[in-house]
Amino acid sequence: MNNTVKEINTKRLDIISGDYEKCIEEASRILKNQGIVAVPTETVYGLAASAFSDYAIKKVFEAKGRPQDNPLIVHISNMDMLESIAKSIPESARKCAEKFWPGPFTMVLERKPVIAQSVCGGLDTVAVRMPSEKSIRDIIDCSGLPLAAPSANISGAPSPTTFSHVLADLDGKIDAVVCGNTCEVGVESTVVALFGEKPRLLRPGAVTLEQLKEVLPDIEVDKAILSQPEAGKKVASPGMKYKHYAPKTDSFLVEGSSKAFGDFVNKKENCLALCFKEDEEFITAKKMIYGTKNDESTLAKNVFGALRDVDGMGVSAVYIHAPSKSGVGLAVYNRLIRAAAFRVIEL
Ligand code: AMP
Ligand code: MG
């Protein structure tokens with residue numbers, strides 16, 4: 001018996017080597033019947049359900065073990081859908097849509113009541129994104145449904161960037177997975193609130209703060225992006241108060257030069273250094289490279305896969321070399337500081 005082959009209980013819709021159109025139709029059929037389907041997007045794999053169905057959304061929360069007060073992003077494929085779910089669309093939202101859609105950008109607007117209550121975690125706003133990945137757009141078009149889709153992982157675990165990650169977490173708990181390529185961006189979308197007095201960055205992503213400032217010069221950055229929200233305090237984006245993206249292994253974020261990082265980890269026992277290519281020559285401890293220091297897009301693409309691989313390395317702690325906070329680096333830093341439960345070591 002081959003112990004390495006695990007039986008899979010989830011319907012696989014293979015859009016790479018299978019019949020693309022049939023897969024899209026089948027995913028749409030399941031979603032119209034209030035089922036839940038994991039789908040690739042350019043950011044991470046999402047667990048999709050009809051945004052009109054409280055029944056289907058409940059299954060998404062259950063499969064993920066996600067807290068009910070953490071709202072979901074609704075995915076659309078055209079501007080008419082935005083009109084149908086947002087109560088009002090300010091000029092700033094139209095400008096952002098023109099510049100950043102389709103793509104890894106989410107806007108939070110006041111909502112209309114058509115969207116299922118459970119999608120929005122009890123808030124009167126809705127988060128909306130128009131993804132660039134063709135397959136999810138085709139499923140939205142084919143089903144005619146806006147799709148609420150959080151990342152397709154067990155709540156708290158690193159987000160999935162391959163369909164194998166999805167199956168590792170959710171096999172047997174979902175109706176189907178659309179099997180596509182590894183996600184191009186690798187971290188979740190940039191989230192911006194556009195309903196208040198001033199635009200506010202709630203979560204950094206591949207659309208960078210620098211790019212946002214060109215369209216929204218008065219954008220504010222929510223404090224919770226880089227620091228732990230105070231216990232019991234209300235946060236603008238409910239997802240930010242939860243520990244997230246974490247391997248089971250004890251994780252720490254470390255700031256410092258390659259040499260200082262090497263000197264630090266080399267003294268630790270039974271640990272792993274999750275590091276840059278440039279650090280390699282300074283490290284004698286076990287190491288895993290997640291990219292080069294100045295190529296933040298590649299770090300973003302690799303970070304969640306690396307966090308998932310950490311648990312198989314047989315170590316008792318992982319020390320992660322922190323990226324810069326500029327460009328897409330801010331998004332990677334934001335995920336890593338949460339993976340490390342806000343434990344940052346400055347060398
Ligand atoms: P995920 O589904 O894992 O990509 O997470 C979605 C993120 O969007 C979470 O951090 C949510 O808190 C945030 N979000 C979704 N809807 C809203 C909303 N109406 N207001 C503020 N943040 C939201
Ligand atoms: Mg998530």
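The values are calculated or read from the model by the stated rules, or taken from the named source; none is laboratory data. Worth saying up front: this structure is predicted, and the values here are computed from it rather than measured. Here Cβ is always computed from backbone atoms with ideal geometry, including for glycine, and neighbour counts include all displayed protein chains. Ligands, DNA and RNA are stripped out before the accessible areas are found, and what is left, the full protein with its side chains, is counted by its heavy atoms. Shrake-Rupley method; radii C 1.70, N 1.55, O 1.52, S 1.80 Å.
Could you list, in sequence order, all residues of region 114-136 that are of a type in the set (D, E, K, R) and either touching a helix residue (DSSP H, G or I) at 6+ places or on another chain (Cβ under 9 Å) or within 17 Å of Asn78 (Cβ to Cβ) (or both)? Walk me through it before giving the result.
Our first condition is that a residue be of a type in the set (D, E, K, R); within region 114-136, this holds for 124, 129, 133-134.
Of everything in region 114-136, those that are of a type in the set (D, E, K, R) and either touching a helix residue (DSSP H, G or I) at 6+ places or on another chain (Cβ under 9 Å) or within 17 Å of Asn78 (Cβ to Cβ) (or both) turn out to be Arg129, Glu133, Lys134.
Considering only region 295-310, I want to know if a residue exists there that is modelled with pLDDT of 95 or more, in contact with a strand residue (DSSP E or B) (Cβ under 8 Å, 6 or more places away or on another chain) and open to solvent by 20 Å² or more (accessible area, probe 1.4 Å).
Checked against the condition, which is being modelled with pLDDT of 95 or more, in contact with a strand residue (DSSP E or B) (Cβ under 8 Å, 6 or more places away or on another chain) and open to solvent by 20 Å² or more (accessible area, probe 1.4 Å), region 295-310 yields at least one hit.
Within region 43-99, restricting attention to residues that are among the aromatic types (Phe, Trp, Tyr) and within 15 Å of ligand 1 (Cβ to nearest atom), which residue is surrounded by the fewest Cβ atoms within 10 Å (Cβ to Cβ)?
Taking region 43-99 first, the residues among the aromatic types (Phe, Trp, Tyr) are 45, 52, 55, 61.
Remaining after also requiring within 15 Å of ligand 1 (Cβ to nearest atom): 45, 61.
Details: Tyr45: 30, Phe61: 19.
By that ranking, first place goes to Phe61.
Taking the residues in region 234-248 that are open to solvent by 20 Å² or more (accessible area, probe 1.4 Å) and among the hydroxyl-bearing types (Ser, Thr, Tyr) as candidates, determine which candidate is nearest to ligand 2 (Cβ to nearest atom).
Tyr242
Return the pairs, sorted by first residue and then second, in which the second residue is at pLDDT 95 or above and outside any strand (DSSP E or B), the first residue lies in region 267-279 and is at positive phi, the beta carbons are less than 7 Å apart, and the residues are 6+ apart or on different chains.
Every condition considered, the pairs that remain are Asn270/Val315; Asn270/Ser316.
Could you list, in sequence order, the residues of region 158-181 that are assigned to a loop (DSSP other than H, G, I, E, B) and either more than 24 Å from Ala331 (Cα to Cα) or modelled with pLDDT under 95 (or both)? I'd like the intermediate steps shown before the answer.
Just the residues of region 158-181 that are assigned to a loop (DSSP other than H, G, I, E, B), to begin with: 158-162, 171-175, 180-181.
Asp171, Gly172, Lys173, Ile174, Asp175, listed by residue number.
If Gly180 satisfies every condition in (1) within 16 Å of ligand 1 (Cβ to nearest atom); (2) crowded, with 21+ Cβ neighbours inside 10 Å; (3) more than 25 Å from Ile85 (Cβ to Cβ) but one, which is the exception?
(1)
Can you list the strands (runs of 3 or more DSSP E) lying wholly within region 19-137 that have 2 or more residues being of a type outside the set (Val, Ile, Thr)?
Result: 46-50, 105-110, 125-129.
From the set of residues in region 311-347 that are open to solvent by 10 Å² or more (accessible area, probe 1.4 Å) and of a type in the set (Lys, Arg), which is modelled with the lowest pLDDT?
Arg343
Would you please name the residue that is farthest from Val37 (Cα to Cα), looking only at residues in region 124-173 that are of a type in the set (A, V, I, L, M, F, W, C) and without any contact (Cβ under 8 Å) to a residue 60 or more places away in the chain?
Taking region 124-173 as the starting set, the residues that turn out to be of a type in the set (A, V, I, L, M, F, W, C) are 126-128, 130, 136, 139-140, 142, 145, 147-149, 152, 154, 157, 163, 166-168, 170.
From the residues that got through so far, the ones that are without any contact (Cβ under 8 Å) to a residue 60 or more places away in the chain too are 126, 128, 130.
Details: Val126: 21, Val128: 19, Met130: 18 Å.
For region 124-173, the residue satisfying everything is Val126.
Out of everything in region 203-223 that is open to solvent by 10 Å² or more (accessible area, probe 1.4 Å) and within 11 Å of ligand 1 (Cβ to nearest atom), what residue ends up being nearest to the chain's Cα centre (by Cα)?
Once the filter is applied, the top-ranked residue is Arg203.
Search region 188-202 for residues being charged (D, E, K, R) and away from ligand 1 (no atom under 11 Å from the Cβ), and hand back the single one that is surrounded by the most Cβ atoms within 10 Å (Cβ to Cβ).
Quick first cut of region 188-202, residues charged (D, E, K, R) only: 188, 197-198, 200.
Of the ones still in play, those that are also away from ligand 1 (no atom under 11 Å from the Cβ) are 197-198.
Details: Glu197: 7, Lys198: 11.
Restricting to residues being charged (D, E, K, R) and away from ligand 1 (no atom under 11 Å from the Cβ), the top hit is Lys198.
Counting only residues that are over 22 Å from Ile115 (Cβ atoms) and buried (at least 24 other Cβ atoms within 10 Å of the Cβ), how many does region 167-177 have?
So the answer is 2.
With respect to Ala231, determine if the residue is open to solvent by 20 Å² or more (accessible area, probe 1.4 Å), within 16 Å of ligand 2 (Cβ to nearest atom) and not basic (Lys, Arg).
Details: open to solvent by 20 Å² or more (accessible area, probe 1.4 Å): yes; within 16 Å of ligand 2 (Cβ to nearest atom): no; not basic (Lys, Arg): yes.
Taking the combined requirement at face value, the residue does not satisfy it.
What number of residues within region 129-166 satisfy the criterion of being open to solvent by less than 10 Å² (accessible area, probe 1.4 Å) and more than 14 Å from ligand 1 (Cβ to nearest atom)?
Counting residues in region 129-166 that are open to solvent by less than 10 Å² (accessible area, probe 1.4 Å) and more than 14 Å from ligand 1 (Cβ to nearest atom) gives 3.
Report every pair of residues separated by at least 6 positions or lying on different chains whose Cβ atoms are under 6 Å apart, first residue within region 15-27 and closer than 17 Å to Phe163 by Cα, second surrounded by 13 or more Cβ atoms within 10 Å (Cβ to Cβ) and acidic (Asp, Glu).
Ile24/Asp138
For region 5-12, check the following and say yes or no: at least one residue is touching a His at 6+ places or on another chain (Cβ under 8 Å), open to solvent by less than 20 Å² (accessible area, probe 1.4 Å) and under 23 Å from Glu188 (Cβ atoms). Quick ask: steps written out before the conclusion?
Initially, region 5-12 is screened for residues touching a His at 6+ places or on another chain (Cβ under 8 Å), giving none.
Scanning region 5-12 turns up no residue that is touching a His at 6+ places or on another chain (Cβ under 8 Å), open to solvent by less than 20 Å² (accessible area, probe 1.4 Å) and under 23 Å from Glu188 (Cβ atoms).
If the Cβ limit is 7 Å and pairs must be 6+ apart or interchain, which residue in region 81-101 that is more than 23 Å from Ala206 (Cα to Cα) pairs with which residue that is open to solvent by 60 Å² or more (accessible area, probe 1.4 Å) and of a type in the set (A, V, I, L, M)?
Qualifying pairs under 7 Å: Ser84/Val114; Ile85/Val114.
Based on this model, can you work out whether Ala38 counts as away from ligand 1 (no atom under 11 Å from the Cβ), farther than 21 Å from Arg137 by Cβ, in contact (Cβ under 8 Å) with a residue 60 or more places away in the chain and within 17 Å of the chain's Cα centre (by Cα)?
Values: away from ligand 1 (no atom under 11 Å from the Cβ): yes; farther than 21 Å from Arg137 by Cβ: no; in contact (Cβ under 8 Å) with a residue 60 or more places away in the chain: yes; within 17 Å of the chain's Cα centre (by Cα): yes.
No.
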